[in-house]
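Reviewing the structure listed below.
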Amino acid sequence: MLQTPFAARLLALAIAVTLTGCGGKEQSAGTTPAAATAPAPPAPTAAMPDAAPHPMPAAPAASVDLSGIAKAEGGRTVAELFAAKAELAGQEVLVRGRVVKSNPNVMGKNWLHIRDGSGGEGTNDLTVTTSGAAPQVGDTVLVKGKVALDRDLGMGYRYEVIVEDAELTVEATGS
């Protein structure tokens with residue numbers, strides 16, 4: 001038996017809480033409160049807004065002259081590559097152009113934008129990835145690699161046409 005009034009009160013409180021639960025609602029034996037068994041609502045997720053495709057570089061800087069770029073023998077121009085993209089998907093292509101943008105060592109690759117003076121807005125700039133040495137802006141390069149279509153890397157980086165894992169030959173430096 002309980003020897004102190006404090007112990008008796010504590011026991012009475014424990015029995016009352018057990019019978020009524022924390023929410024003050026009576027529970028039948030062997031059940032748990034609904035809140036304990038109901039699944040938690042899903043946590044809100046932060047949705048990214050639909051992003052526009054990654055913007056092409058602005059018109060080449062005045063220092064990047066696109067004149068005098070000859071089509072590679074057995075190759076294609078940038079505009080021809082865009083025009084025939086469906087039939088070239090997964091195929092190895094050869095294209096010559098001048099580097100207008102270079103981003104070295106992004107996601108383990110060097111990312112280039114090349115132009116050759118062909119094409120119009122949206123078909124005049126080709127994105128190329130390579131694991132070789134990154135050329136400088138203004139360098140003329142011969143690119144050999146596989147065409148991939150509609151690559152979406154997230155965060156607005158979407159490429160309609162991209163040449164991946166290319167082998168590059170720098171034919172002339174821009175300096």
What number goes with the only condition from (1) of a type in the set (G, A, S); (2) within 21 Å of G174 (Cβ to Cβ); (3) modelled with pLDDT of 95 or more that G68 does not pass?
(3)
Go through the residues of segment 136-151 one by one and say whether even a single one is surrounded by fewer than 20 Cβ atoms within 10 Å (Cβ to Cβ) and hydroxyl-bearing (S, T, Y).
no
Could we say that K101 is over 22 Å from the mean Cα position of the chain (by Cα) and part of a strand (DSSP E or B) here?
no
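A quick yes/no check of all residues on (1) at pLDDT below 95; (2) not assigned by TED's automatic domain parsing to the domain that holds E167:
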{"site": "A43", "(1), (2)": "yes, yes"}
{"site": "A61", "(1), (2)": "yes, yes"}
{"site": "G90", "(1), (2)": "no, no"}
{"site": "E121", "(1), (2)": "yes, no"}
{"site": "A133", "(1), (2)": "yes, no"}
Breaking point among (1) assigned to a loop (DSSP other than H, G, I, E, B); (2) modelled with pLDDT of 95 or more, for A47:
(2)
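Table: residues versus (1) part of a loop (DSSP other than H, G, I, E, B); (2) in contact (Cβ under 8 Å) with a residue 40 or more places away in the chain; (3) under 13 Å from V78 (Cβ atoms).
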{"residue": "G132", "(1), (2), (3)": "yes, no, no"}
{"residue": "G145", "(1), (2), (3)": "no, yes, no"}
{"residue": "D150", "(1), (2), (3)": "no, no, no"}
{"residue": "V161", "(1), (2), (3)": "no, yes, yes"}
{"residue": "T169", "(1), (2), (3)": "no, no, no"}
{"residue": "G174", "(1), (2), (3)": "yes, yes, no"}
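The values are calculated or read from the model by the stated rules, or taken from the named source; none is laboratory data. Small disclaimer: the values here were computed from a predicted structure and weren't measured. As a convention, Cβ positions derive from the backbone with ideal geometry for all residues, glycine included, and neighbour counts pool all protein chains shown.
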